[in-house]
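Notes follow once the structure below has been shown.
The values are calculated or read from the model by the stated rules, or taken from the named source; none is laboratory data. Bear in mind that the values here come from a model prediction, so they are computed numbers and not experimental data. In this analysis, Cβ positions are derived from the backbone assuming ideal geometry, glycine residues included, and neighbour counts consider all displayed protein chains. Accessible surface is based on the protein model in full, side chains and every heavy atom, while ligands, DNA and RNA are left aside. Shrake-Rupley method; radii C 1.70, N 1.55, O 1.52, S 1.80 Å.
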Amino acid sequence: MKPVSELSGRTVVLGVSGGVAAYKSAELARLLVKAGADVRVVMTESAQHFVGPATFQAITGQAVWSDPWDARMPNGMAHIDLTRDAQLILIAPATADCIARLAQGRADDLLSTLCLARDEGCALMVAPAMNRQMWEHPATRRNVATLVDDGTYMEGPAAGEQACGEVGAGRMVEPADLLEAVLSHFTPKSLAGRQVLITAGPTSEAIDPVRVITNLSSGRMGYALAQAAVRAGARVTLVSGPTALALPRGVRRIDVASARDMRDAVMNNLSGTDVFVSVAAVADYRPASPSGRKIKKSADSMSLELVRNPDILAEVAARADAPFCVGFAAESHELDSYAQDKRRSKRLPLVVGNLVSDGLGSEDNLVVLYDDEGRHPLERASKAAVARAILEHISRLLKG
Ligand code: C5P
């Protein structure tokens with residue numbers, strides 16, 4: 001199985017109309033390109049007062065279009081050719097005027113013509129950006145309602161401080177969130193209606209008020225799974241040990257420190273869960289009696305008595321009403337036999353195994369999936385791509 005970049009094989013037309021947020025579209029173009037999309041930028045004339053076509057040309061490596069009469073298009077059909085193999089037109093920022101013209105079905109510049117002349121298979125997503133009074137004006141409300149009726153996806157606007165100094169709704173949704181909306185748009189909803197509970201990150205076991213036992217887990221694999229599951233249509237709760245990671249859009253997070261806190265949070269949120277994915281590197285042992293006071297270095301040596309922590313995954317999987325349980329096995333050696341043993345002893349339909357040298361704390365991961373059918377190696381890829389492949393496998397097993 002080969003995990004691929006999120007947007008590889010996708011063609012996105014990025015429409016930029018004339019608002020100050022146009023400078024952020026350059027970043028959006030970069031994110032779309034980085035995610036593997038073929039990005040074609042179409043600017044309105046007024047957009048070019050805010051940011052130059054050369055910026056987009058450099059970022060996308062492609063010509064930027066704005067003139068319906070552009071002679072560079074071989075058959076003079078720029079208004080049709082630019083979207084023929086595109087799956088999405090994303091207009092960001094979309095000004096009040098741009099939205100009004102789309103709602104009326106105007107075709108008086110290249111961008112509006114492209115929207116009108118596009119195929120059924122090419123969706124339209126619009127990220128409004130304008131002064132808050134323009135956004136609240138009844139005319140804009142009407143135009144937006146018309147666009148939504150026509151099947152347009154509206155992203156935002158966000159609320160906050162505006163370029164004009166006023167505060168309110170009308171800011172363009174941030175580029176990273178627009179990328180997320182695009183990724184979500186293209187993700188098949190294979191987990192629609194499913195509730196997914198995920199543990200992630202390390203745990204932290206107190207020795208005294210300032211010292212802990214923890215491990216090198218970054219939490220990235222669990223967070224990537226949470227994000228991919230939301231994109232696939234699931235409702236996702238993430239029980240997270242201490243990490244420095246940003247909360248993925250649309251995920252509910254419960255922060256915990258120790259293994260026992262993690263266990264309690266999992267048990268309290270298990271009801272209604274269809275899939276439990278236990279990614280966390282849970283400490284197997286904790287100090288038997290953590291000191292209430294900071295331990296002083298008076299002795300030459302010291303020993304800590306450790307006691308076993310609860311095995312959260314084993315406890316969930318043993319329940320009569322157990323959800324579909326997925327375990328992770330990070331091993332330093334003999335991955336196949338340890339992972340298969342874990343699958344059998346904890347009675348799991350699926351275990352994701354990796355060698356610690358291949359994944360722990362890093363951006364990429366190289367994993368093997370173990371299920372009733374045997375072993376399924378995935379190719380080394382980013383944790384986001386590996387997460388997508390794991391969820392596809394889970395949704396196949398759920399259907400099977
Ligand atoms: O038994 P072992 O730690 O090797 O199993 C790893 C799997 O079990 C992982 O999915 C991990 O999240 C889970 N686990 C757990 N509670 C523990 C130890 C591991 O849920 N105390």
Give me the net charge of G193's neighbourhood, meaning all other residues with Cβ under 10 Å from the Cβ of G193; Lys, Arg count +1, Asp, Glu -1.
-> +2
State, as an integer percentage, the relative contact order of the range 11-186 based on alpha-carbon contacts under 8 Å between residues 6 or more apart.
-> 23
Between the DSSP loop rule and a limit of at most 14 other Cβ atoms within 10 Å, which chymotrypsin sites (Phe, Trp or Tyr not before Pro) in the range 1-102 are left?
-> W69
Once you've got the Cα coordinates, tell me which of K342/K383; K294/K346; K34/K342; K34/K189 are over 26 Å apart.
-> K294/K346; K34/K342
Exposed-loop cut sites defined as GluC sites (Glu not before Pro) in DSSP loop states with at most 13 other Cβ within 10 angstrom; longest site-free run of the chain spans 167-304
Compare the Cα positions of I312, H137, Q195 along the charge dipole of the chain (+1 at Cβ of Lys, Arg; -1 at Cβ of Asp, Glu; about the Cα centre) and return the one farthest towards the positive end.
-> I312
Got a sec? Charge dipole of the chain, +1 on Cβ for Lys and Arg, -1 for Asp and Glu; which of G18, A35, F56 is way out at the positive end?
-> A35
Packing-wise, with mean Cβ within 10 Å as the measure, how do 317-330, 220-233 rank, highest first?
-> 220-233, 317-330
So what is the accessible area of the range 1-149 per residue, in Å², with the probe set to 1.4 Å?
-> 45
For D70 and L398 in one chain, what is 0.36 nm times their gap in residues minus the Cα-Cα distance, to one decimal in nm?
-> 112.9 nm
Mean separation of Cα contacts under 8 Å, 6 or more apart, over the residue count of the chain: relative contact order % = 12
The set of residues whose placed amide H lies less than 5 Å from the amide H of I207, leaving out same-chain residues fewer than 5 positions away, is V212, I213
Percent carbon-and-sulfur accessible area, the range 37-87, ignoring ligands, DNA and RNA, probe 1.4 Å = 55
Amide N of the range 165-203 lying under 13 Å from the label point, which is placed 7 angstrom from the Cα of R249 along Cα→Cβ | 172-187
Overall dimensions of the chain as given by Cα atoms, namely Rg and Dmax in Å = 25.3, 85
May I ask for the net charge around V210, where only other residues with Cβ less than 14 Å from the Cβ of V210 are counted and Lys, Arg are +1 while Asp, Glu are -1?
-> +3
How far is helix 175-186 tilted, in degrees, relative to the longest principal axis of the Cα atoms in the chain, given as a value from 0 to 90 rounded to the nearest 10?
-> 90
Of the trypsin sites (Lys or Arg not before Pro) in the range 6-82, which ones lie in a loop per DSSP and count no more than 12 other C-beta atoms within 10 Å?
-> R72
Evaluated over the range 11-186, the Cα radius of gyration and Dmax, each in Å = 14.9, 47
